[in-house]
Amino acid sequence: MVLLVGGSDGDDPSGLLHNAERLARARVRHPILLAGNTAAREDALALLRSTGRRVQACDNVLPRRGEVVPGPARAALAQLYRRHAIGGRGSAVAPRFRRLVRVVTPDAVGHAATELARICAARVLLVDVGCATTDVHSALGAQARRTVEGDLGVRAAAAGVLVEGQAEGIVDPVEADLLAPTVARMASEVGYVPRDHGSAAEDRRVAALATVVAVRRHLRAHADAGDGVGLVVLTGGVFRQRARAGGLAAVVATLRTDPVLAPLIEDVPVVVDSDFTVAPAGLLAARGRTTAAEALLRDHLLA
């Protein structure tokens, strides 16, 4: 997706219109979200639609100089994502498939985080490491927050893990050189599943690094997210791979020894969702099946 912004409301619209014209003539086939100067909205929409671009408009991200209002654009981007990423290819294009979709995975995971916070009566920090993103959910009572890191993942976005890991000081140059071939493979073979213990261990190491960077960013975005944490949960396909004894413990150790995170989670349980419990439990909770969701979480995650 392309997010097109530019100009506060009432400013000269020429910059936004110039860029809309360039996008209209470019070889861009991705959906476009227009969130710029409202004075130029109709003209910009006309320019983009004149060449068949898929475009949707929402409120300006920068309505006044020095003020950022991201809410409407975030909601619109989430809607576009659901429409184009879910049911976007193969048999999933069929309308029947789209009607079957009830909750997208990030929302289900968020519901699970809220349910865990209710069960534990404490703040829950839940990290979902995926192929292209690493999402961090923090929940306390009915309050839930989420950050999404689009440059951290264990396949398509694996290169960002090394770059940001070095920038954060958690990956030294020697380890970066050792992991570089693995990361290159991850980024180029997004469907690859390790068949040996060594490759699986490298997957988990990259996932652990992505987790630390993502949680650090989440805490910078939400300063109180580290207050009173009672449970940390790690989920994602990478953690469902078969691991030798101590394999998942090494992931937990990476979090516990991080100088930024260690003081926050020193005496806090850290559990790994190796049974693929979080998303299904969140789906149940989202559909009002809280008793079943709680039973699933207690039996397979909190036991």
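Only the coordinates and a few stated rules stand behind these numbers; no lab work does. Computed from a prediction, not measured in an experiment: that's the story for all the values here. Because the Cβ atoms are built from the backbone with ideal geometry, glycine has one as well, and the counts that use them run over all protein chains shown.
Annotations
- Protection-proxy order for peptides 269-275, 229-235, 166-172, each taking the mean of Cβ atoms within 10 Å per residue, highest first: 229-235, 269-275, 166-172
- For the chain, pairs of C-alpha atoms spaced more than 29 angstrom apart make up 45 percent of the total.
- Take every DSSP beta bridge whose two residues both sit in segment 105-300; close to 60 percent of them are antiparallel.
- Near the amide H of LEU3, within less than 5 Å, lie the amide hydrogens of LEU33, all on another chain or at least 5 residues away, with H placed in the peptide plane.
- Summing Cβ point charges (Lys, Arg +1; Asp, Glu -1) relative to the Cα centre of the chain gives a dipole of roughly 1460 debye.
- Dipole magnitude for segment 1-59: about 560 debye, using +1 per Lys or Arg Cβ and -1 per Asp or Glu Cβ, origin at the Cα centre.
- Look at the alpha carbon pairs under 8 Å that are at least 6 residues apart: their mean separation over the length of the chain gives a relative contact order of 14 percent.
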